[in-house]
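Bear in mind these aren't lab numbers, they're just calculated from the coordinates by the rules spelled out. The shown structure was predicted, so the numbers you read here are calculated from the model rather than taken from an experiment. All Cβ positions, even for glycine, are placed from backbone atoms using ideal geometry, and neighbour counts span all protein chains on display.
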Amino acid sequence: MIFHHILLQIFHNFNQERSISAPFHLLRGKRSGQTVQDVGIYQLHQYFGILPKLTRTKYNEELSTLIENQSLIVKDDGFYELTRNADEQLKKMQKLSLDGWHYRGNEHIYFARLSLIIQTLSHQRAGQMTFVPIQKDEQVQQWAKGFLKANQYKGGQLQPRLLNEIHSSLEQTNVEESGKNILILRLSGYGSSGLTWQQIGFQENMNDIDLQVIYIATLHNWMNIILANSEYFPLLHQMADGLRIKNPLTGSAFHSAELFNNGHSIEEISKIRNLKLSTIEDHIVELAMNEPHFKLEQFVSTVDIKKVFTAVDDYNTRKLKVLHEVVPHLTYFQLRLVLARGEQDAT
Amino acid sequence: MQLESILNKYFGYSNFRPGQKEVIENVLQGQDVIALLPTGMGKSLCYQLPGYIFDKPVLIISPLLSLMQDQVDQMKQFKEKRVIALNSFLNPAQKRTTIHYLHNYRFIFISPEMLLQEHVQQKLNSMELSLIVVDEAHCISQWGFDFRPDYLRIGQVIGKVNRPPILALSATATTKVLRDIESYLNMDGPYKFIHSVDRPNIHLGKMLFQGREDKIDWIMDHVSKSAGPGIIYTQSRSKTESLSGRLLQAGISCAAYHGGMDPLDRQFIQQQFIDGSLEWIVATNAFGMGVHKQNVRQVIHESLPSNMANYMQEIGRAGRDGKDSLAILLYAEGDEEFAKFVGIDDYPVDAHVDSYLSYRSRNEQPSSMIQNGEISETAFRVLDYWMNQLQPAEVRQQLTSMKYEKMRAVEEVMELIDTNKCMREKLVHYFGQTLDNTPNDCCQCCGMDYGKIIHRRENDATYPHLLNWKDRIEILLLGNS
């Protein structure tokens with residue numbers, strides 16, 4: 001159910017202007033120009049890359065259910081329409097907030113560290129320091145070792161401190177209790193193993209994919225609380241520090257952005273990097289999406305920005321082709337820039 | 001020092017298990033040794049103990065990354081810090097450092113792929129080893145159920161002269177495979193310790209059915225009436241999930257286990273199975289390696305194993321504590337066809353030979369076949385090996401005969417189903433051994449009563465009382481008090 005709601009929300013945001021495959025690429029976090037730019041244009045930051053291992057088969061299965069229960073109509077050209085039924089569901093559904101764009105799977109690193117540290121502290125408290133580490137990744141193991149040493153775990157004071165931090169930070173995290181339960185059931189300790197997804201699903205009467213989504217959402221919200229209040233949660237903050245990506249630009253776009261921020265023009269960057277002009281434009285659009293201080297006015301006048309958004313409202317579309325017909329004096333690049341910025345520069 | 005006192009000092013045991021002492025004594029005298037010891041009989045001690053007597057590193061060649069990881073984990077648990085696994089899990093920087101300091105370790109685990117790399121060989125040549133262990137040595141034989149072409153190259157790499165003794169270890173090898181081990185590793189008149197493959201405390205049952213669904217019904221009934229802990233082996237991932245789902249619904253504490261699972265899930269299942277909170281596991285053959293549980297009372301095969309060696313290894317997970325246990329092989333008409341299909345499914349065919357040749361003729365890496373989704377990695381390894389050894393026509397012949405061999409292996413398992421003579425004798429004969437005496441309630445054919453071997457199921461599964469997150473995290477960190 002939860003996953004279906006997310007799919008409907010994504011389809012809704014896409015405004016019937018993308019194919020039925022677009023949500024699939026979005027959820028898997030595909031690093032293509034199209035998917036990344038769509039995140040900005042259709043305001044889909046929440047959902048980017050939350051299910052990197054989603055298979056096409058599974059995705060198609062879920063789509064079939066939406067078609068069967070008459071929420072979605074798939075057209076011959078691979079595009080879709082949302083039904084009134086879907087609109088009803090969208091109105092009623094509970095919002096589950098995610099932060100896929102900024103965590104990009106890093107939430108799993110946080111959880112791996114946490115679970116190994118809890119496992120160790122649990123055994124240490126029981127006076128039983130030989131156990132098989134639940135996390136096999138060498139980097140996670142090294143990190144946990146460093147953390148435990150730096151925080152003087154041998155004294156026995158770390159357990160109550162960490163417990164306090166977990167209690168009060170999760171208390172402040174605004175998600176359903178079931179999400180917090182699931183998360184803590186995934187931890188293991190002395191004499192108490194964590195539960196598998198199958199076991200949790202059986203006990204909570206939930207399917208696999210819904211469990212995963214709730215789990216991810218809980219982690220995102222929890223980490224946001226920890227990172228925003230680091231002075232209150234110094235231990236958890238160490239585990240989460242640096243995992244929320246401040247500059248989500250990918251490799252090549254990152255280089256172009258650096259040159260741009262150093263004052264080079266798009267044409268110059270294209271020459272320096274020996275890349276096509278259109279590629280650099282893609283990078284600048286990505287930068288505009290991600291950099292709050294990006295000055296849109298250096299490319300498009302304030303008047304034109306307003307014109308674009310008026311057109312978006314009037315024609316209820318974000319399709320570049322349509323917008324280009326309405327404001328023909330703007331290039332596609334300029335239009336993409338405006339859409340990438342979203343409404344933040346419109347006023 | 002006496003071997004017994006070393007055993008006690010480092011491992012905390014006061015006595016050797018059968019075979020261990022003989023193997024260790026011969027290893028210490030510099031003799032090549034082949035040791036065939038059943039699963040759970042303490043194979044790894046045969047090289048771990050000498051490791052504490054020698055002052056030079058022991059090199060252990062191991063075919064499976066998961067197995068290697070498990071061995072390293074176990075040794076670290078026994079406070080051995082000078083142990084390392086050199087495999088593809090390491091990133092380039094870690095690999096460089098590891099190789100640089102390789103001579104400082106007491107136990108070096110290595111995958112065959114890694115052993116073949118030139119800079120690894122250079123390093124190994126520059127240092128002195130006390131012993132080379134070839135674990136799961138049956139992988140060297142194409143007649144073994146788990147042929148690894150890279151294993152064939154071990155013999156070339158370690159050479160013939162000026163080398164330390166070789167200890168080849170296996171749990172399941174036929175006479176034919178034993179001969180292959182000796183010749184491919186260029187072993188020098190090795191001392192052989194062949195333990196009987198028979199496990200008298202495992203009683204061998206079988207049940208024949210008309211249809212597939214009948215097997216499931218029988219399992220549901222049997223498992224709800226008899227006591228575990230137990231393992232149910234089945235062929236496909238989806239089946240582990242559906243069957244365990246049904247058992248859960250019936251109030252039985254169980255879990256599915258297969259190779260495609262979340263790694264954390266696998267850890268949880270092992271932990272729960274060992275601490276007793278999980279009664280049954282429904283698994284593919286991916287389950288077993290590295291599960292050190294002594295009191296498994298039942299192993300049920302829902303589907304036909306693809307060969308005798310697999311069957312032996314899987315039922316061998318029952319009764320490690322020496323107490324009576326039950327292995328039941330289920331069969332429904334047509335199961336052998338399915339088992340054959342699974343057996344040869346992941347195997348190169350003629351079309352792969354053609355494709356391999358066309359990559360070669362285009363001057364492309366044939367290994368691109370893997371990336372292009374034409375072939376699985378394991379199948380490619382076999383194909384690649386033979387393509388480098390033989391002419392294409394011979395490779396085709398080779399593949400056909402191996403495919404035939406795999407199908408025959410299923411027929412051999414079928415003999416257990418078809419026979420009305422002693423199943424135990426069949427099993428032991430397969431490994432080229434003879435059975436001296438049969439236990440009471442030996443097998444279905446000799447006559448047996450399941451009720452005498454396993455207990456009735458007492459209580460209904462009690463689900464762990466689900467705590468809310470606040471209580472659970474408190475118990476994890478502060479304990480119950």
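Give the long-range amide H neighbours of B:L86: residues separated by 5 or more places, or on another chain, with amide H under 5 Å away, using H modelled in the peptide plane at 1.01 Å from N.
Long-range HN contacts for B:L86: B:F109, B:I110, B:S111.
With the Cα gyration tensor of segment B:3-194 giving a ≥ b ≥ c as the square roots of its eigenvalues, does the rule (a/c under 1.5 for rounded; else a/b larger than b/c for prolate; else oblate) give rounded, prolate or oblate?
rounded
Considering Cα pairs under 8 angstrom that are at least six residues apart, work out the relative contact order of segment A:76-215 and quote it in whole percent.
Relative contact order, segment A:76-215: 22 percent.
Which residues among segment B:261-294 fall inside the zone where the amide N is under 20 Å from a point 7 Å beyond the Cα of B:Q249, along Cα→Cβ?
Once the point is set 7 Å along Cα→Cβ of B:Q249, B:279-283 turn out to lie under 20 Å by backbone N, inside segment B:261-294.
So what are the radius of gyration and Dmax for the Cα set of segment A:251-345, in Å?
Every Cα atom of segment A:251-345 included, Rg and Dmax give 13.6, 41 Å.
Quick one: order B:V395, A:V36 by neighbouring beta-carbon count within 10 Å, fewest to most.
Final ranking by Cβ density, sparse to dense: B:V395, A:V36.
Taking a ≥ b ≥ c as the square roots of the eigenvalues of the Cα gyration tensor of segment A:107-240, is the shape rounded (a/c under 1.5), prolate (a/b larger than b/c) or oblate?
In terms of gyration-tensor shape, oblate.
Output wanted: per-residue J couplings in Hz (rounded whole) for segment A:164-173, from phi through Karplus 6.51 cos²θ - 1.76 cosθ + 1.60, θ = phi - 60°, x for Gly and Pro.
4, 4, 5, 4, 6, 6, 5, 4, 7, 6
Filter the trypsin sites (Lys or Arg not before Pro) in segment B:379-481 to those in DSSP coil with at most 12 other Cβ atoms within 10 Å of their Cβ, and list the result.
B:K421
Taking 0.36 nm per intervening residue step and subtracting the Cα-Cα distance, what contour gain separates B:N372 from B:D188 on full extension?
61.9 nm
Cross-link candidates for A:K276: which lysines have Cα within less than 25 Å, leaving aside residues fewer than 8 places away along the same chain?
A:K276 reaches A:K30, A:K295, A:K319, A:K321.
If each of A:E177 and B:T419 carries a label point 7 Å out from its Cα toward its Cβ, how far apart are those two points in nm?
6.0 nm
For segment B:1-87, which trypsin sites (Lys or Arg not before Pro) are in a loop by DSSP, counting at most 16 other Cβ atoms within 10 Å?
The qualifying sites are B:K79, B:K81, B:R82.
In which sequence would A:F147, B:F287 go, from the one with the fewest C-beta neighbours within 10 Å to the one with the most?
Lowest count first: A:F147, B:F287.
For B:I300, which sequence-distant residues (separation of 5 or more, or a different chain) have an amide H within less than 5 Å of its own amide H, given hydrogens modelled in the peptide plane?
Amide H neighbours of B:I300, under 5 Å, 5+ apart: B:I231, B:I232, B:Y233, B:I328.
Just counting partner chain Cβ atoms within 10 Å, what average do the residues of peptide B:270-280 show around their Cβ?
3
Quick one: among A:P160, A:P23, A:P248, which has the greatest mean-square fluctuation in a GNM of chain A with alpha-carbon springs under 10 angstrom?
Result for chain A, Cα springs under 10 Å: A:P160 fluctuates most.
Just grab the label-to-label distance for B:E25 and A:Y332, each label 7 Å out from Cα along the Cβ direction, in nm (one decimal).
It is 8.3 nm.
How much length is gained on full extension from B:I6 to B:Q210, taking 0.36 nm per residue of separation minus their Cα-Cα distance?
Stretched fully, the B:I6-B:Q210 segment lengthens by 67.8 nm.
Taking a ≥ b ≥ c as the square roots of the eigenvalues of the Cα gyration tensor of segment B:198-481, is the shape rounded (a/c under 1.5), prolate (a/b larger than b/c) or oblate?
Oblate, since a/c reaches 1.5 and b/c is not below a/b.
Taking beta carbons within 10 Å but only from partner chains, what does the mean come to for residues A:134-141?
Going residue by residue through A:134-141 and averaging, the value is 3.
If we count GluC sites (Glu not before Pro) as exposed when they sit in a DSSP loop and have at most 13 other beta carbons within 10 Å, what is the longest stretch of chain B that avoids them all?
B:129-332
Karplus couplings for segment B:233-246 from phi (6.51 cos²θ - 1.76 cosθ + 1.60, θ = phi - 60°), rounded to Hz, Gly and Pro as x?
With coefficients 6.51, -1.76 and 1.60, one gets 8, 9, 8, 10, 4, 5, 5, 4, 6, 5, 5, 5, x, 5 Hz.
Let me know the mean shielding of A:125-132 by other chains, meaning the per-residue number of their Cβ atoms within 10 Å of its Cβ.
3
Write out the trypsin sites (Lys or Arg not before Pro) in segment B:293-329 meeting two conditions: DSSP loop, and at most 16 other Cβ atoms within 10 Å of their Cβ.
Qualifying residues, ordered by number: B:K323.
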